1. For helix 335-348, report the angle its Cα long axis makes with the longest principal axis of the Cα atoms of the chain; keep it between 0 and 90° and round to the nearest 10°.
2. Could you tell me what fraction of 2.2 N^0.38 Å the Cα radius of gyration of the chain comes to, as a two-decimal ratio?
3. Would you mind pulling out the separation of the Cα centroids of the stretch 246-290 and the stretch 319-386, in Å?
4. Along Cα→Cβ, 7 Å out, is where each label goes; now give me the distance between the ones at Glu149 and Glu342 in nm to one decimal.
5. Packing-wise, with mean Cβ within 10 Å as the measure, how do 216-225, 175-184 rank, highest first?
6. May I ask you to derive the FRET efficiency for Leu54 and Lys203 from their Cβ-Cβ distance with R0 = 45 Å, giving the value to the nearest 0.05?
7. Once you list every other residue whose beta carbon is under 13 Å from the beta carbon of Ile142, what net charge do they have if Lys and Arg are +1 and Asp and Glu are -1?
8. Taking the simple approach of a point 7 Å from Cα along Cα-to-Cβ for both Glu110 and Glu392, what is their distance in nm?
Amino acid sequence: MEIKKVTERIQNDLEELARFTATPGNGCTRLPFTKEARGAVEYIKKVMTEAGLLVKEDAAGNVFGILEGEDTKRPCVMMGSHYDSVINGGNFDGIAGVACAIEVARQLQERNVPMKRSFVAAGFCDEEGTRFGTGFFGSGAILGKWDIESCRKFKDTAGVSVYEAMQEYGLNPERIKEAEWKPGSIGCFIEAHVEQGPVLAAKGTELGLVDCIVGIQRYMVTVKGRADHAGTTPMDMRADAMEMASGAIFGLPAWAREYEDGTVATVGYISAKPGGINIVAEEVQFSVDIRSRNSRHIDEIAQKLKEALEHAAENCGGSYEMEQKLKIRPLHLSEELLAVMERACKDRGYSYQRMPSGAGHDTLKIGQTIPSVMVFVPSKDGRSHCPVEWSEYVDLAKAAVLGADLIETLIREEEA
Ligand code: GLV
Ligand code: MN
Ligand code: MN
């Protein structure tokens, strides 16, 4: 195995995939069920076929490349990440893990590993939740967590539901349950991902082994007041939706900081209606994303948000709705798999450190029920979810080599 060859193959795939963006020249914008998503999926299918894999696209828009083992009834080993991106994101978040998984399939064949069980390289649809505010759509669907009703329920800011978006994309949402894998059919899950933070690059460490991932709650809050003339309506006679919303928004960062344990809260989206400079806001909508390693801290912040909104609505004579879009518990990754990864790092002479992840990943969803492990690759200056996101291709190659080592070890140990 030649690291140069592995690096070149990953670089080639990622450079090709970077073309599928709605914002050329300004980072990667590849939202779910769009033509950019379709372009990326078709490219992934082509590369998987060239890598000798059996290719399948499922009812949720996930794409799989299967390297069939001798016994297809044995639980498979799955490796992958997501192919969607945020708005004006980078060319590595998610998609680098898909490229690594395909590379692992190539390596397993080149190393002539006796595949007793199948290896599955996966590209998941809509991990980010950028469009519908939810997240983990594809990885949730393989666990049977999405149904027709939830596809109808969640909508993007233009009012298009997941259900409608799927139809427009050429998928049948009525068949969403067909995306579920039988319980027990996935033996373990591995994800390679860029760190998206500054730790590894600052320390000059080659790889990160993730031992826990934060829990997340997401909400879309809609505050309703009354549209009035901005000049003639006295301050004590208006129901200003912006005034009600801004009090709650102002509280969030302070509530998160109080814990001093890495708990974070973010309002990343806001819109006001009717949106005129001289009109009191009738409706304000904003997103809330709260994360912590401690579930209780997330619950407490959500509760404070609710109380602040209630108080503001009462004071101003308005109303509010707090729609929960996501609730997922923090995750501890498989100690057993981490130990194998550590051994592989030592054998290869790669420097590594164990670390937590503040970003959500498909592993956060899948790892709730299936033994999982994650490997992080350094991110230049820790930048991510922005166009300058960058990781070295050679570091991604190391993550792919490590993934292949892990799978080879699991298969050979099982054989012994
Ligand atoms: C995904 O990148 C997330 O952590 O929101
Ligand atoms: Mn990601
Ligand atoms: Mn992301």
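Only the coordinates and a few stated rules stand behind these numbers; no lab work does. Keep in mind that this is a model prediction, so the values were computed, not measured. Cβ placement follows ideal geometry from the backbone for every residue including glycine, while neighbour counts extend to all protein chains displayed.
1. Helix 335-348 and the main axis of the chain meet at about 60 degrees.
2. Computed over Cα atoms of the chain, the ratio equals 1.04.
3. When both Cα centres are located, 27 Å separates them.
4. So the label points at Glu149 and Glu342 sit 4.4 nm apart.
5. Highest to lowest by the protection proxy: 216-225, 175-184.
6. Computed FRET efficiency for Leu54 and Lys203 comes out at 0.65.
7. Here the count lands on -2.
8. About 1.9 nm, to one decimal.
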